[in-house]
1. Could you pull out the residue among Leu44, Leu84, Leu95 that is more than 19 Å from Ala149 (Cβ to Cβ), modelled with pLDDT of 85 or more and touching a helix residue (DSSP H, G or I) at 6+ places or on another chain (Cβ under 8 Å)?
2. Given the residues Ala138, Ala150, which is the only one that is at pLDDT below 90, under 29 Å from Ala46 (Cα atoms), small (Gly, Ala, Ser) and in the same structural domain as Ser38 (by TED's automatic domain parsing)?
3. Name the residues in the range 66-82 that are under 27 Å from the mean Cα position of the chain (by Cα) and not aromatic (Phe, Trp, Tyr), would you?
4. Return the only residue of Asn86, Asn92 being without any contact (Cβ under 8 Å) to a residue 24 or more places away in the chain and either at negative phi or buried (at least 16 other Cβ atoms within 10 Å of the Cβ) (or both).
5. Out of everything in the range 133-162 that is touching a Leu at 6+ places or on another chain (Cβ under 9 Å) and among the small types (Gly, Ala, Ser), what residue ends up being farthest from Leu106 (Cα to Cα)?
Amino acid sequence: MSTSIRSRVIPFLCALGLVVSMAHSAQAAPPDTQAKRSPLLAALQAELERSMKTLGTLDPPAYYLGYTVTETQRADVSGSNGALLNSNEARNRWLEVAVRTGSYNLDNSHKVGERQQASGGPGTSVPIDDDAEVLRRAIWLETDRQYRAASEALIKIKTGKK
């Protein structure tokens, strides 16, 4: 085999091996494995299922729930002339919940006149600890708050359309 063909074949085989190994590892792990490894994902999944079952039966029913969690870790270090003056580390988790009430045809995200109703709120801080019960309570409180806001918005939309 010539060196020019060999130089093209070897990277191709390496890339092919990488793709095959990635596909195999993705198929080897069931989809729930990620949630079992992370208490945060497990708490989000459990609250999503519970909330959809509960809020879907209320009037107005919730037909969509979306959770966004942003976790940040920040480290600040300052020094002078090779000496450490200050170091600080901070972690934060932020939860945003989006709830849609009503139906696909008419929900709390439709316009009233020229104004678009606000969907979702600014969010809330959730605990850094991976205690499932504490996380579920924080998720439930924000979900409930956003459901109430979405219900009010849907009422305003319905009365504004009539």
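The values are calculated or read from the model by the stated rules, or taken from the named source; none is laboratory data. This is a predicted model, so every value here is computed, not measured. We place every Cβ from the backbone using ideal geometry, glycine too, and count neighbours over all the protein chains shown.
1. On the way: Leu84 fails: touching a helix residue (DSSP H, G or I) at 6+ places or on another chain (Cβ under 8 Å); Leu95 fails: more than 19 Å from Ala149 (Cβ to Cβ).
So the residue among Leu44, Leu84, Leu95 that is more than 19 Å from Ala149 (Cβ to Cβ), modelled with pLDDT of 85 or more and touching a helix residue (DSSP H, G or I) at 6+ places or on another chain (Cβ under 8 Å) is Leu44.
2. Values: Ala138 fails: at pLDDT below 90.
Criteria check complete, one pass: Ala150.
3. Gly66, Thr68, Val69, Thr70, Glu71, Thr72, Gln73, Arg74, Ala75, Asp76 - these are the residues of the range 66-82 that are under 27 Å from the mean Cα position of the chain (by Cα) and not aromatic (Phe, Trp, Tyr).
4. On the way: Asn92 fails: without any contact (Cβ under 8 Å) to a residue 24 or more places away in the chain.
Exactly one of Asn86, Asn92 is without any contact (Cβ under 8 Å) to a residue 24 or more places away in the chain and either at negative phi or buried (at least 16 other Cβ atoms within 10 Å of the Cβ) (or both), namely Asn86.
5. Ala138
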